[in-house]
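Provided herewith is a single structure, encoded as structure tokens, for subsequent inquiry.
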Amino acid sequence: MSKILPSVFFLILGSSLSPVQANESSDWYVGGAYSAQEISTNDYKLLGASLGYQFNEHLALEMRALKGISGEQFSGDFSHKIKHQASLSLKGSYPLSSSVDIYGLVGWTTSEVRAAGYAIILVDENNVTLVEPYVQTDTENGYSFGAGLEYKLNANISLYSEFQFLPDADHISNSENWKSISLGFNYHF
């Protein structure tokens, strides 16, 4: 009996509060995304999650964390991929209709890029060579900006498509041309 009473109490308390909680809406949302990124002529694929806070109908703060799922494989055993990427952005939106918003993003993005392969080292004049594996990791930080469209399926679920310019990628490919196209969803609490 002593174990049943607390369970019944919390069951009654929970059921009495649930209608009140169902009517209250939250300004928080979470989501997921697939991102195809291009640096110069190299292609990278990432998957990630987002957490956002909607201040009002037009302004939100959004944090994203992505993980690289594929990168570039070059001649031999040399590979290059975005290992991790994180961003913090302000998102300004404007409703085009009751179910479609256009938005712009401006923020800060940091990316960890990993290159791996083998180095061939000449040991002496007798042409003895040594093959050594190596891994090099660079971090790229900087401002990012972009625009997108968000389609609201219902009060809680939305789908989006966006294009972004990411920080300069000088260490990666001697190019400042880093672009991202993302498809994703958000769940609004």
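The values are calculated or read from the model by the stated rules, or taken from the named source; none is laboratory data. From a predicted model like this one, the values you see are computed outputs, not experimental measurements. As a convention, Cβ positions derive from the backbone with ideal geometry for all residues, glycine included, and neighbour counts pool all protein chains shown.
Which of (1) outside any strand (DSSP E or B); (2) at pLDDT 95 or above; (3) among the aliphatic types (A, V, I, L, M) is the odd one out, the single condition L13 does not satisfy?
Against the list (1) outside any strand (DSSP E or B); (2) at pLDDT 95 or above; (3) among the aliphatic types (A, V, I, L, M), L13 comes up short only on (2).
Yes or no, residue by residue, for (1) at pLDDT below 95; (2) in contact with a Phe, Trp or Tyr (Cβ under 9 Å, 6 or more places away or on another chain); (3) among the β-branched types (V, I, T):
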{"position": "L88", "(1), (2), (3)": "no, yes, no"}
{"position": "S93", "(1), (2), (3)": "no, yes, no"}
{"position": "D101", "(1), (2), (3)": "no, yes, no"}
{"position": "A119", "(1), (2), (3)": "yes, yes, no"}
{"position": "L122", "(1), (2), (3)": "yes, no, no"}
{"position": "N126", "(1), (2), (3)": "yes, no, no"}
{"position": "A169", "(1), (2), (3)": "yes, yes, no"}
{"position": "G184", "(1), (2), (3)": "no, yes, no"}
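Considering only residues of segment 56-86 that are polar (S, T, N, Q) and either in a loop (DSSP other than H, G, I, E, B) or out of contact with any strand residue (DSSP E or B) (no Cβ under 8 Å at 6 or more places or on another chain) (or both), which is surrounded by the most Cβ atoms within 10 Å (Cβ to Cβ)?
Taking segment 56-86 and keeping what is polar (S, T, N, Q), we get 56, 70, 73, 75, 79, 85.
Checking the rest, the ones that are also either in a loop (DSSP other than H, G, I, E, B) or out of contact with any strand residue (DSSP E or B) (no Cβ under 8 Å at 6 or more places or on another chain) (or both) come to 56, 75.
On the way: N56: 8, S75: 6.
Among those residues, the one meeting the criterion is N56.
Any idea how many residues of segment 24-51 are more than 15 Å from L159 (Cβ to Cβ), surrounded by fewer than 18 Cβ atoms within 10 Å (Cβ to Cβ) and touching a strand residue (DSSP E or B) at 6+ places or on another chain (Cβ under 9 Å)? Even if it seems obvious, please write down each step before you answer.
We begin by selecting, within segment 24-51, every residue more than 15 Å from L159 (Cβ to Cβ); these are 24-28, 36-49, 51.
Filter once more, keeping what is surrounded by fewer than 18 Cβ atoms within 10 Å (Cβ to Cβ): 24-28, 36, 38, 40-41, 43, 45, 47, 49, 51.
From what is left, the residues that are touching a strand residue (DSSP E or B) at 6+ places or on another chain (Cβ under 9 Å) are 25-28, 36, 38, 40-41, 43, 45, 47, 49, 51.
Going through segment 24-51 one residue at a time, the tally reaches 13.
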